[in-house]
Amino acid sequence: MTILADVLFEKMIEEEKNNPSDDSKIDLNKLNIKITILTSRVEGNRFRYNKYYYCRIQYKDFSFNIGFHDSVFNYCCNKRLNKADVLYSALMDMRAYDCSLGVNDFMNEFGYDDYKKGLKIYNALSITSDNMHKMFTDEELETLDKIFENY
């Protein structure tokens, strides 16, 4: 039995292959931010696959490594990694951590029922947040927020 969502997803993939959308207009070179792919692998199950990247974000004299799961859609359309997505993801991870009042608040906000899994993700976000705050000043983070406002 075919599920309607699968049919719609396949249609979106076909449309993207025939008429590729514009990728991000954000030029990381102008921002002097370098993102390097260290490793990548395909992950998934028999229904959906995506690509996992292990990347290094570098700005001025500071760098840190971060894992990034690209979308199933991009994998199915054989799209190259948009490195601005990695920076956006790190920025959103930082904001999710910074806005929470603790692990329980975070888990309630994002719907985690499994405490161990929620704690693991919360701790990972804590590390990303610490690294982003070490890498960028508050003014630079505000500028990145504005750049990615409609991303």
Residues that are exposed (fewer than 13 other Cβ atoms within 10 Å of the Cβ) and not aromatic (Phe, Trp, Tyr): does the stretch 81-98 have at least one? no
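Residues TYR52, TYR88: which one is outside any strand (DSSP E or B) and under 19 Å from ALA124 (Cα atoms)?
TYR88
Pick from the stretch 126-135 the residues that are in contact with a helix residue (DSSP H, G or I) (Cβ under 7 Å, 6 or more places away or on another chain) and in contact (Cβ under 8 Å) with a residue 40 or more places away in the chain: which of them is nearest to GLY67 (Cα to Cα)?
That would be THR128.
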When the residues of the stretch 53-80 are filtered to those that are at pLDDT below 90 and closer than 25 Å to MET132 by Cα, which remaining residue is surrounded by the most Cβ atoms within 10 Å (Cβ to Cβ)? ASP70
Before we move on, is LEU119 surrounded by fewer than 18 Cβ atoms within 10 Å (Cβ to Cβ) and among the hydrophobic types (A, V, I, L, M, F, W, C)? yes
Just one of the numbered conditions (1) over 19 Å from LYS34 (Cα atoms); (2) in contact (Cβ under 8 Å) with a residue 24 or more places away in the chain; (3) surrounded by fewer than 14 Cβ atoms within 10 Å (Cβ to Cβ) is not true of ASN50; which one? (3)
Specify the residue that is nearest to the chain's Cα centre (by Cα); the eligible residues are those in the stretch 1-28 that are more than 14 Å from ASP85 (Cα to Cα) and either modelled with pLDDT of 90 or more or assigned to a loop (DSSP other than H, G, I, E, B) (or both). SER21
Determine if the stretch 41-56 includes at least one residue that is in contact with a Lys or Arg (Cβ under 9 Å, 6 or more places away or on another chain), of a type outside the set (Asp, Glu) and closer than 18 Å to LEU144 by Cα. yes
Are any of the residues in the stretch 104-125 assigned to a loop (DSSP other than H, G, I, E, B), at pLDDT below 95 and either in contact with a helix residue (DSSP H, G or I) (Cβ under 6 Å, 6 or more places away or on another chain) or closer than 28 Å to LYS30 by Cα (or both)? yes
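The values are calculated or read from the model by the stated rules, or taken from the named source; none is laboratory data. Because the structure is a prediction, the values reported are computed rather than measured. Cβ: placed from backbone, ideal geometry, glycine included. Neighbour counts: every protein chain shown.
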